[in-house]
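The values are calculated or read from the model by the stated rules, or taken from the named source; none is laboratory data. Only a predicted model underlies this, so the values are computations on that prediction, with no experimental measurement involved. Here the Cβ is made from the backbone with ideal geometry for all residues, glycine too, and neighbour counts use every protein chain on show. Just so you know, the surface numbers come from the protein's heavy atoms only, side chains and all, with ligands and any DNA or RNA stripped out. Shrake-Rupley method; radii C 1.70, N 1.55, O 1.52, S 1.80 Å.
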Number of protein chains: 2
Amino acid sequence: MADTSRRPGRPRDTSIDERALTAARELLAEQGFEATTIQAVAVRSGVHASAIYRRWSSRIELIEDAAFPMESPLQVDPTGDLREDLRRFILAYTATFSDPATRAAAGPLLAYRRSDAGRDAAYQRVSVRPQFFAILEAAPPGTVDPTVDPHDVFDMLLGAVWTRIVVPITDSRPDPVERTVEMIVRMLRP
Amino acid sequence: MADTSRRPGRPRDTSIDERALTAARELLAEQGFEATTIQAVAVRSGVHASAIYRRWSSRIELIEDAAFPMESPLQVDPTGDLREDLRRFILAYTATFSDPATRAAAGPLLAYRRSDAGRDAAYQRVSVRPQFFAILEAAPPGTVDPTVDPHDVFDMLLGAVWTRIVVPITDSRPDPVERTVEMIVRMLRP
């Protein structure tokens, strides 16, 4: 969230914030990341561009707040039950990125943040990778091979989730989440 | 390929075929599957719709020929070396579906064929699943757990390939193909 607490002037008008954020979400969903400019948000929301710039210093920050309003894209506290944690993670991941605005923003925001050193907090905001790693760390001894690269396993899981969301090509069979959990457990085992 | 061998009349004009196929590929790449109608192909190619219908009985068959000109989308003859076969499979799969027309047509064609019983040959034309299964069958004893569902492993591989093609979100790290091969081997092992 853009920090405006130290700025002087009138109290923050939350309805203006909400109008800009809603317009940004609509533009992301309908026209994509590149089309979601401050000017386009201003036109659609009826909020003047200068008012938008008072709240967000760039369109990237506005898009980040619009598409990822929470500090973390999903909250899955590990229980130590690997299968159950993976199941909850996959469901939360799928639900979050089924939102068209979130989906449209995620890739471009990560690409932007990658080329911008030291933005770990922003990465935390968009990426679900840290939550996945927390689940592996909480797993019982003997279930996760220490020689396996958790990034590689996460990339496979990301592929499974994104394919179901964006590519209507996989055969639909029962229990897709259970099947994915089983595959992830097989990759992880020593 | 549409069978026109038993039809009477003038010899087949291959330049007309080529113009229609090229127009269909361009439309698929630029405007997607739904916009690729016989009428749109006729307008773009300058080939009359009736001439297109003489060669293809429906737009589905025209799109199939345009996006999948071969009998199989990729040819990977298994050698019995599981890692090497997977490596070649992934490279061929990625190359084939990096073509925008092929990519645009694959999902919709599979969705169409799924709801159309007995179209195994057409499925063979679009899906790379059978080639993956052939690789598993050729693998040395002890490398593939007979209790693992090969469809589930293929779905994970499909996710990894499609994510790299269509979703610019994965961190780019070295040797993505080797990493994917390693994950697939881990899923398969008993």
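Can you pull out the helices (runs of 4 or more DSSP H) entirely within segment B:44-145 that have at least 1 residues that are open to solvent by 60 Å² or more (accessible area, probe 1.4 Å) and in contact with an Asp or Glu (Cβ under 9 Å, 6 or more places away or on another chain)? Output list reads B:82-97, B:100-114, B:120-126. Taken over segment A:87-112, residues that are among the aliphatic types (A, V, I, L, M) and without any contact (Cβ under 8 Å) to a residue 40 or more places away in the chain amount to 5.
Exactly one residue out of A:134, A:121, A:104, A:117 is within 18 Å of the chain's Cα centre (by Cα) and either among the basic types (Lys, Arg) or at pLDDT below 90 (or both): that is A:121.
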